[in-house]
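Below is one structure, written out as structure tokens, with a few remarks after it.
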Amino acid sequence: MDRTCGEQTLYARTLESSATFGPRQGREVVFGRNRPLVHLALGVDDLRISREHGLLRFDDGRWWVHNGGRTAIRLPSGTELRPGDRPVPLAAGYTLLTVLGSPGREHALEVRVSGPEPGGTGALPPDAHTYEPPVWPLDPDERRVVVLLARRYLQGDSRPTPQSWRQVGEGMQALDPEAGWTHRRAEHTVRAVRERLSAAGVAGLLAEEVEPPVGNALNENLVAELVRSRSITAADLDALDRETP
């Protein structure tokens, strides 16, 4: 077993139940609709949730999410773990998994992976400071590029997607005509940001971490992290639009 497994205690909670599980090779924590026969009851009144919809399994020093149900599990990055997909690892800290149920219904599975806590309850002092995700530093050109990439997210589109490399390159060229911006240069700039954040521990930013076909998933995951951490905001987009001739 990995020597870090002592730091992999799992705290899990749904609307119906909660529990704590220590790390042990091969341990499985089942969640689903069949309250008497699962460790974590979830969506007990929703027939779109399977009796045993999925499980959290400890293998090789990490907890992994498996989907054995009939609907997808949405990950924090906005990507989905679909039935039959290969399992994905849980990062240390807090993760919100959303199990898709009947139309208009979603069921939350909150998990936290951490070391043992005093008393073993996972409770925090009432005056504990609220955790804030790190704001990732970006140089001026990187900020402009990723804000253009995330334009649809920052302007509040209902189903946003990253802008194309061509659109980003043209936007940068309009902002700085003398700098020789192209879609290739924009792509390389974004790749450098992804690699830097990946090295700092952000998951889902490298091709080998994403289930093929990769498509636009790497950019979607990057934008989700930058927006979630408020590293870029709508104010950045407003400022950029004021710069544009």
Test set (1) among the hydrophobic types (A, V, I, L, M, F, W, C); (2) in contact (Cβ under 8 Å) with a residue 60 or more places away in the chain; (3) closer than 30 Å to Val214 by Cβ - Trp64 fails condition number: (2)
Cβ-Cβ under 8 Å pairs, at least 6 apart or on other chains, region 72-91 side over 17 Å from Leu218 (Cβ atoms), far side of a type in the set (Val, Ile, Thr) and in a loop (DSSP other than H, G, I, E, B): Pro83/Thr71
Unmet criterion (only one of (1) open to solvent by 70 Å² or more (accessible area, probe 1.4 Å); (2) at pLDDT 90 or above) for His129: (2)
Filter result for Glu208 (among the acidic types (Asp, Glu) and either under 30 Å from Asn67 (Cβ atoms) or open to solvent by 60 Å² or more (accessible area, probe 1.4 Å) (or both)): yes
Region 176-204 residues that are open to solvent by less than 60 Å² (accessible area, probe 1.4 Å), paired with ones that are among the hydroxyl-bearing types (Ser, Thr, Tyr) (beta carbon under 8 Å, 6 or more apart): Gly204/Ser77; Gly204/Thr79
Failed item in (1) in contact with a strand residue (DSSP E or B) (Cβ under 7 Å, 6 or more places away or on another chain); (2) open to solvent by less than 30 Å² (accessible area, probe 1.4 Å), with Glu80 passing the rest: (2)
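So is Glu195 among the acidic types (Asp, Glu) and over 17 Å from Tyr153 (Cβ atoms) or not? Can you show your working first?
On the way: among the acidic types (Asp, Glu): yes; over 17 Å from Tyr153 (Cβ atoms): yes.
Answer is yes for this residue.
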Members of region 14-57 found to be surrounded by fewer than 17 Cβ atoms within 10 Å (Cβ to Cβ), charged (D, E, K, R) and touching an Asp or Glu at 6+ places or on another chain (Cβ under 8 Å), listed by number: Arg35
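Looking at region 92-102 only, could you name the residues that are within 21 Å of Val227 (Cβ to Cβ) and open to solvent by less than 50 Å² (accessible area, probe 1.4 Å)?
Start the filter on region 92-102 by keeping residues that are within 21 Å of Val227 (Cβ to Cβ), which leaves 93-98.
Across region 92-102, the qualifying residues are Gly93, Thr95, Leu97, Thr98.
The values are calculated or read from the model by the stated rules, or taken from the named source; none is laboratory data. This structure is a prediction, so every number in the text was calculated from the model and none was measured. We place every Cβ from the backbone using ideal geometry, glycine too, and count neighbours over all the protein chains shown. Just the protein is used for accessible areas: all its heavy atoms, side chains included, with ligands, DNA and RNA removed. Shrake-Rupley method; radii C 1.70, N 1.55, O 1.52, S 1.80 Å.
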